[in-house]
Amino acid sequence: MLELADGEDWIFGYGSLMWDPGFAAVEVRPALLRGYHRRFCIYSHRYRGTPEQPGLVLGLDRGGSCRGIAFRLPRRGRREVLEYLWEREMNNRVYEPRPVPLTLLDGKAPAQIKARAFVVNRDHRQYTGRISIGRTARLIVQGVGGRGRCRDYLANTVRHLEELGIVEGPLHELLRRVDRLAGAAA
């Protein structure tokens, strides 16, 4: 099960956790993580694809920075939330739940907090390594799994980023390519 260190009350969401966390948080605040960036770098064989037709899901990969959401967990019911997150995010161990420093970005004075983020395990067999934007788009168009279409996952993530005032050029370009490719295939 996921364990948090003393003073570590926060979880960092950068993909579907931003728009579908599946738990109630005491606080939800925009946050910045330095040293990692959001990328479609994990083959999905369960949630957004199958082993025969994999999709892709987001991971935090080395380098850059990532804006997302910090969720402060409640004291009461925390164990259940941590068990839920472990089951959701760690079913195949493609992520490593790492302690990370976050900067909260909500118009108040920037505050540094300790959090946990699910970072991609680059040694895992489902890590894509570097793949082209064209291959990424094709995998997203074909991916359908237990939690729906990979295209919807990308669109929901982009829409939520826009609601937060975040324009992430590579994801917006990827969505345009996916939409063109899906339209051509229809």
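Since every read-out is calculated from the coordinates, none of them should be taken as a lab result. Predicted model, so just to flag it, every value in this text is computed and none were measured. Don't worry about glycine lacking a Cβ; one is built from the backbone with ideal geometry, like all the others, and counts go over all protein chains shown.
Given that compact globular proteins tend to follow 2.2 N^0.38 Å, what is the ratio of the alpha-carbon Rg of segment 14-78 to that value? Don't skip to the end; give the middle numbers.
Numbers: Rg = 14.2 Å, N = 65, 2.2 N^0.38 = 10.7 Å.
Rg over 2.2 N^0.38 Å, computed on Cα atoms: 1.32.
Coordinate range of the alpha-carbon atoms in segment 48-186 per principal axis, descending: 48, 33, 27 Å. Of all complete DSSP H helices in the chain, not one has a Cα span along the helix axis of 27 Å or greater and a mean Kyte-Doolittle hydropathy of -0.5 or more. Between A184 and H124, the simple label model (points 7 Å from Cα in the Cβ direction) yields a spacing of 3.1 nm. The mean sequence distance of close C-alpha pairs (under 8 Å, at least 6 residues apart), as a share of the length of segment 10-185, puts its relative contact order at 28 percent. Cut-off 19 Å, label point 7 angstrom out along Cα-to-Cβ of R62: give me the residues of segment 127-145 whose amide nitrogen falls inside. 127-132, by backbone N distance to the label point.
Each Cα pair under 8 Å and six or more residues apart adds its sequence gap; the mean of these over the residue count of segment 95-160 is a relative contact order of 21 percent.
A cut-off under 14 angstrom between Cβ atoms defines the neighbours of L164, and their net charge, with Lys, Arg +1 and Asp, Glu -1, is 0.
Per-residue 3J(HN,Hα) values for segment 46-51, derived from phi via the Karplus relation 6.51 cos²θ - 1.76 cosθ + 1.60 with θ = phi - 60°, read 10, 6, 10, x, 10, x Hz in sequence order (x marks Gly and Pro).
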